[in-house]
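K.L.:
Supplied in structure tokens, the structure appears directly below.
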Amino acid sequence: MILHRTVRASLLRAARLCICAGLVLGGAGLAAVPATAQEAASAVQDVVLVDVALPLGDTLFKAARVRVSGTRLSRGDLTAILAPDSAEPWAPRLARLEAASISIPVLVSEHPGPGGSLQTVTYREVTARDVRAGRIAELTMAGAGVAVSGAQKGSGTYGRIVASDLDLAALVRLSSEPGDGKGPVQRVYAAIRVADVTYTEDSGVAIRIAGLEGRDFGGRQIPGGWNGAMAALTRGLDAVDPEMKADARGRLAATAADLADAVSFGSLELHGLAISRTGAGAPMLVEVGRLAHVGTGAEAGTTLEAIAFAQGGVKARLARAALTGVSLSPTIAALRRLADPNAAVTDEALRRLTPAIGGLTLQDMSIELPADPAAEARQTGRSAGKPPAVAGDPLGVPASQGAAPLRLVLRSGALTFGPLRDGVPTASRLDLSGLAFPATMVAGVPVLGALPDYGYADLDLNLVVDSAWDEDKREVALREMTLSGRDIGSLRLAGTIGGMGPELFASHIPAASLLMLTATAKALDLTVQNTGLFERFLAAQAKALSLKPEELRQEYVAATQFGVPAMLGNSPAARAIGSALGQFVTKPGRLTLNAKAKNAAGLGFADFGLARTPGAVLDKLDVDARVE
């Protein structure tokens, strides 16, 4: 939680820096000293301003020297444009700004923060080229230094910053001028590149970004402006608690909805992201080689590549993770509803805040865990004399010595979602391929926990779960649930459950409990494929009983062919099941069992609960059992 709040605060500071930098670079930080002569407005000239000091909101900008080159604006014109006490809004004034270039060798901004803190940013070699009607064709900064004093002290740096087609008037309108959130999208810049971003806090948290690139950033004007909205959200999130008054909660929800709905950008990409923490507890490091986000269109989503995590003896790597088909529309709609002070904050209302996600994919994931968790928990970091982990060493903290660490690997994974209903996907598919780990990790798990007894040291599994809800038919279809393992076999289930209405998505227990009475079983398909498990099971059981495997096999054949039908009522369906099981034991291959309710409505709770014998249930089913 401390790390989360620290990172969030750092990101908010970075966002404010971007807004302030844009205002400053466009001339909002320029103020004129008294002129001794008035130049002709029509002449192209250079104007040098010294000892500039301009308060902009609660931020003070200072520059010892500013040069405005190749401008037809007179000193008086510049003074009027940049006057801090002008009654004219900033946007129309900045739209009059014209110059071949504006350069500021050193620009300092000071911004007071909460708790008496002060953020000071020093920009170096600021240059705006080809400024026309308040638009900058190219904006560059050699770099910047950041210092934060107060309770959460920190410092940071920015490398070279380059932005193209920067609209100063749009930036000012969005940041400080209120709107209704329904106006057109105003683009702030076409592209931006930032190199070598670092920020370190005294708490031990450090953030590094090797490079950042963005395109087509803009948005709509909202009530209170973006600056006001961000400040309100920061205060509100820090003060949020279960006892928050309804009107305060409503304002917070409305502000969040306005801001989320207003922001628009084409893409954002980060390279070389590293977040580390030192100090109390085991050092922690997270690295992301590349993070790319697409804001709009069918490809909207986020991709992360070359991910590494290390803390204590726990280490993880992930080649690629991608979220696709992401939409905040459901979240924004839910926030709008919560903005009403009379709206009830129920579990369902909070669940509707879930954004729509088309799918999640993972590639080449590995996780290492200490072989002895108890011993690892007693460790607090490196031994004396060993250097600490650094940002370039994601596995810098070694695992505990002794036994080899436990290693879990996933070759690929995919999770896709259908449309949301009250914040819950109405369809989903999970597909895991190449899930490999030591068999000892599933000790105590039903069925899988017995595999080490059959000679399996390592498991290599695949899992597929595919289901969907049909509102018109009031059915949930388990289209597929398959678990398979190398040299083990596979188990596949499919089925249909009826009587599943919208109550399925209810968060309150009474409505959900009614499904037990209305649900009906309509169909079940079971397929078992043996690729080695049965032979190992037979050999292990035979050894335990001091029998030969073939002798035990014959006993199992007799038990399945005669015992199973007797247990199930000795009906034709029971005998078909017993015969198929006997054939499978004799020659293990593929066993298929299909059961379908004779009544189209399916078998309900009463059919199962009131049945005196298994045979009474089988009599209501059409059963097909076969072996291949």
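K.L.:
Residues in the stretch 120-134 that are in contact with a Gly (Cβ under 9 Å, 6 or more places away or on another chain) and among the basic types (Lys, Arg): how many?
P.N.:
1
K.L.:
Let me ask something else. When you look at Thr440, is it among the hydroxyl-bearing types (Ser, Thr, Tyr) and surrounded by fewer than 18 Cβ atoms within 10 Å (Cβ to Cβ), yes or no?
P.N.:
The answer is yes for Thr440.
K.L.:
Here's something else I'd like to know. When you look at Ala210, is it more than 24 Å from Gly150 (Cβ to Cβ), without any contact (Cβ under 8 Å) to a residue 40 or more places away in the chain, assigned to a strand (DSSP E or B) and not assigned by TED's automatic domain parsing to the domain that holds Ala349, yes or no?
P.N.:
It is false that Ala210 is more than 24 Å from Gly150 (Cβ to Cβ), without any contact (Cβ under 8 Å) to a residue 40 or more places away in the chain, assigned to a strand (DSSP E or B) and not assigned by TED's automatic domain parsing to the domain that holds Ala349.
K.L.:
Another one. Can we say Pro446 is farther than 12 Å from Gly358 by Cα, surrounded by 15 or more Cβ atoms within 10 Å (Cβ to Cβ) and without any contact (Cβ under 8 Å) to a residue 60 or more places away in the chain?
P.N.:
no
K.L.:
To continue, here is another question. Can you name the residue in the stretch 392-439 that is of a type in the set (Val, Ile, Thr) and in contact with a strand residue (DSSP E or B) (Cβ under 8 Å, 6 or more places away or on another chain) and, of all such residues, is modelled with the lowest pLDDT?
P.N.:
Val397
K.L.:
What residue, of Ala559, Ala542, is more than 50 Å from the chain's Cα centre (by Cα) and more than 30 Å from Asp619 (Cβ to Cβ)?
P.N.:
Ala542
K.L.:
From the residues in the stretch 475-488 that are among the small types (Gly, Ala, Ser) and surrounded by 18 or more Cβ atoms within 10 Å (Cβ to Cβ), which one is nearest to the chain's Cα centre (by Cα)?
P.N.:
Ala477
K.L.:
Are there any strands (runs of 3 or more DSSP E) wholly within the stretch 108-180 with 2 or more residues that are closer than 30 Å to Pro92 by Cβ, and if so which?
P.N.:
It comes to 118-132, 135-149, 161-167.
K.L.:
Also, quick follow-up: Can you tell me which condition Leu430 does not meet? The list is (1) in a strand (DSSP E or B); (2) on the phi > 0 side of the Ramachandran plot, and all the others hold.
P.N.:
Against the list (1) in a strand (DSSP E or B); (2) on the phi > 0 side of the Ramachandran plot, Leu430 comes up short only on (2).
K.L.:
Being within 21 Å of Asp607 (Cα to Cα) and in contact (Cβ under 8 Å) with a residue 12 or more places away in the chain, is that true of even one residue in the stretch 534-551?
P.N.:
No, that holds for no residue.
K.L.:
Please specify each residue of the stretch 272-313 satisfying the condition of being of a type in the set (D, E, K, R) and within 16 Å of the chain's Cα centre (by Cα).
P.N.:
Glu287, Arg290, Glu299, Glu305
K.L.:
I'd like to verify a number: residues in the stretch 92-117 that are under 23 Å from Asp196 (Cα atoms) and free of Cβ contacts under 8 Å to residues at least 60 places away in the same chain, how many?
P.N.:
So the count comes out to 5.
K.L.:
Take Val585 and decide whether it is farther than 30 Å from Leu514 by Cβ and assigned to a helix (DSSP H, G or I).
P.N.:
yes
K.L.:
Of everything in the stretch 287-299 that's buried (at least 18 other Cβ atoms within 10 Å of the Cβ) and hydrophobic (A, V, I, L, M, F, W, C), which residue is modelled with the lowest pLDDT?
P.N.:
Within the stretch 287-299, the match that is modelled with the lowest pLDDT is Val294.
K.L.:
Residue check: is Gly134 of a type outside the set (S, T, N, Q) and more than 21 Å from Gly218 (Cβ to Cβ)?
P.N.:
Considered against the rule, which asks whether it is of a type outside the set (S, T, N, Q) and more than 21 Å from Gly218 (Cβ to Cβ), Gly134 comes out as no.
K.L.:
Collect the residues in the stretch 608-628 that are farther than 12 Å from Gly569 by Cβ and assigned to a helix (DSSP H, G or I), keeping them in residue-number order.
P.N.:
Phe608, Gly609
K.L.:
Got at least one residue in the stretch 348-365 being among the aliphatic types (A, V, I, L, M), within 29 Å of Gly272 (Cβ to Cβ), in a loop (DSSP other than H, G, I, E, B) and modelled with pLDDT of 80 or more?
P.N.:
Among the residues of the stretch 348-365, at least one is among the aliphatic types (A, V, I, L, M), within 29 Å of Gly272 (Cβ to Cβ), in a loop (DSSP other than H, G, I, E, B) and modelled with pLDDT of 80 or more, which makes the answer yes.
K.L.:
Report whether or not Thr613 is under 30 Å from Asp460 (Cβ atoms) and β-branched (Val, Ile, Thr).
P.N.:
Spelling it out, it is not the case that Thr613 is under 30 Å from Asp460 (Cβ atoms) and β-branched (Val, Ile, Thr).
K.L.:
Name every residue in the stretch 453-474 that is surrounded by 17 or more Cβ atoms within 10 Å (Cβ to Cβ) and more than 31 Å from the chain's Cα centre (by Cα), in order of residue number.
P.N.:
Tyr454, Tyr456, Arg474
So that you can scan it fast, the table gives a plain yes or no per residue for (1) more than 48 Å from the chain's Cα centre (by Cα); (2) surrounded by 15 or more Cβ atoms within 10 Å (Cβ to Cβ):
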| residue | (1), (2) |
| --- | --- |
| Ala574 | yes, yes |
| Val585 | no, yes |
| Thr592 | no, yes |
| Ala606 | no, no |
| Leu610 | no, no |
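K.L.:
Would you confirm whether or not the stretch 87-96 contains a residue that is assigned by TED's automatic domain parsing to the domain that holds Val50 and assigned to a strand (DSSP E or B)?
P.N.:
The answer is no; no qualifying residue exists.
The values are calculated or read from the model by the stated rules, or taken from the named source; none is laboratory data. No experiment lies behind these values; they were computed from the predicted model shown. Counting neighbours? That spans all protein chains shown, and the Cβs are built from the backbone with ideal geometry, glycine included.
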